[in-house]
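Since the structure comes first, as C-alpha cells, the remarks are kept for the end.
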Amino acid sequence: MNSENSTPESVPVFWYDVPHGYLPLDVSPTAESLDDLAAQIRALPENVRDQADQVFRLYAIVIWELQKNRVQGCALGMHPDGDGEPTTSVLTLFSVNTNGASPKATLTTLMSGGFGDSAESGFVPLELPCGLGFRAETVRAAPAPRQPPAGSDQPAVEQVWQGMVAIPDARSSSIIVVQLVTASVDLADDYRNVLQGVARTVSFTDPTRGDAGGEEDGPMPGSAAEAVRNDFG
C-alpha cells in the first residue's frame, strides 16, 4: 500500500502482533472484495439500503485516507474499564519517509531539540528487541463522533490520549510509527503499556523464514512479506 508519490519498493516491510481485544481492519481490500460488498448492499431491502450505502462510502473514504498516509496496519480495540463499561481505541502502524536522511539521526535530533509540547509529550528513548525506539504521548482535543452541542454549529470535541513509538528503519530510510489513540484519558497508563507491548513485537525479520537470514534480509519474492501483509497476529 502506497502513498500517492511512493513506489512499492519505498514502502518498508515489517511485522508485528495484534494484541488481544483488537480487530484488524483490512487497509488494502481487493477490488473484488469491494465489488462483492457493493453487491451485497444493492441486494438489501430499500428501507436500509441508503444507510448501508452511506456507511460503505464512509468506509471507502477511510480506506483511501489510510492508504494515502502510508498506514500499513489498523486495528480497532474494545476493552472493559474498571467499572465494566466498554472503552475503545484505535491502533495504527504506518511509515514516514525521511527522504534519504538517517531515520535514527532524524529522531535523535528531534529529541535533543525538545520536540513536543512538554517533557511528558517529548520523545523518550525506548529499548526494543528490534532496536532503539522513541516514545511520545500527548492529550489533545479531537472531533467527537456525536451531535454538536445544542445551539452550536461547531462540531463536538473531546479529549483524547495519543501515544506513539517511532522506530528507525535504516533499510528503507523510513521511520515506523506505532500509534494508539483513545478517548479514555484516565486509562492512559494501561494504554501506554499496550502501545509499548505492540512496539516490542515489531520485527524486520520475516517470521515464516525461521532462522534463515537476519534483520537486514529482504522479504521473500512472492511472499506475504513482499505484499506488505504484515498483520500476521
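The values are calculated or read from the model by the stated rules, or taken from the named source; none is laboratory data. For clarity, every value in this text was computed on a predicted model and none was experimentally measured. Note that we place each Cβ from the backbone using ideal geometry, even for glycine, and neighbour counts take in every protein chain shown. Each accessible area value is taken on the protein alone, full model and side chains, heavy atoms only, with ligands, DNA and RNA left out. Shrake-Rupley method; radii C 1.70, N 1.55, O 1.52, S 1.80 Å.
For Ala136, are the conditions met, namely being modelled with pLDDT of 75 or more, under 16 Å from the mean Cα position of the chain (by Cα) and of a type in the set (Gly, Ala, Ser)? For Ala136, the condition - modelled with pLDDT of 75 or more, under 16 Å from the mean Cα position of the chain (by Cα) and of a type in the set (Gly, Ala, Ser) - is met. Would you say Leu76 is touching a Gly at 6+ places or on another chain (Cβ under 7 Å) and in a strand (DSSP E or B)? No. Across the range 27-61, what is the number of residues that are surrounded by 14 or more Cβ atoms within 10 Å (Cβ to Cβ) and within 29 Å of Ser95 (Cβ to Cβ)? Within the range 27-61, residues that are surrounded by 14 or more Cβ atoms within 10 Å (Cβ to Cβ) and within 29 Å of Ser95 (Cβ to Cβ) number 8. Taken over the range 172-196, the criterion of being among the β-branched types (Val, Ile, Thr) and open to solvent by 30 Å² or more (accessible area, probe 1.4 Å) is satisfied by Val181, Val185, Val194.
Evaluating Ser89 against the criteria (1) modelled with pLDDT of 75 or more; (2) open to solvent by 20 Å² or more (accessible area, probe 1.4 Å); (3) hydroxyl-bearing (Ser, Thr, Tyr) leaves one unmet condition, (2). Any chance the range 214-230 includes a residue that's open to solvent by less than 30 Å² (accessible area, probe 1.4 Å), at pLDDT below 90 and touching a Leu at 6+ places or on another chain (Cβ under 8 Å)? Yes. Listed by first and then second residue, the pairs linking a residue in the range 81-92 that is under 12 Å from Val185 (Cα atoms) to a residue that is not in a strand (DSSP E or B), with Cβ atoms under 7 Å apart and 6 or more places separating them unless they lie on different chains, are Asp81/Ser184; Asp81/Leu187; Thr87/Asp81; Thr87/Ser184; Thr87/Leu187; Ser89/Tyr191. If the condition is being within 11 Å of Gln72 (Cα to Cα) and either more than 14 Å from the chain's Cα centre (by Cα) or not aromatic (Phe, Trp, Tyr) (or both), then the range 13-23 contributes only Val13.
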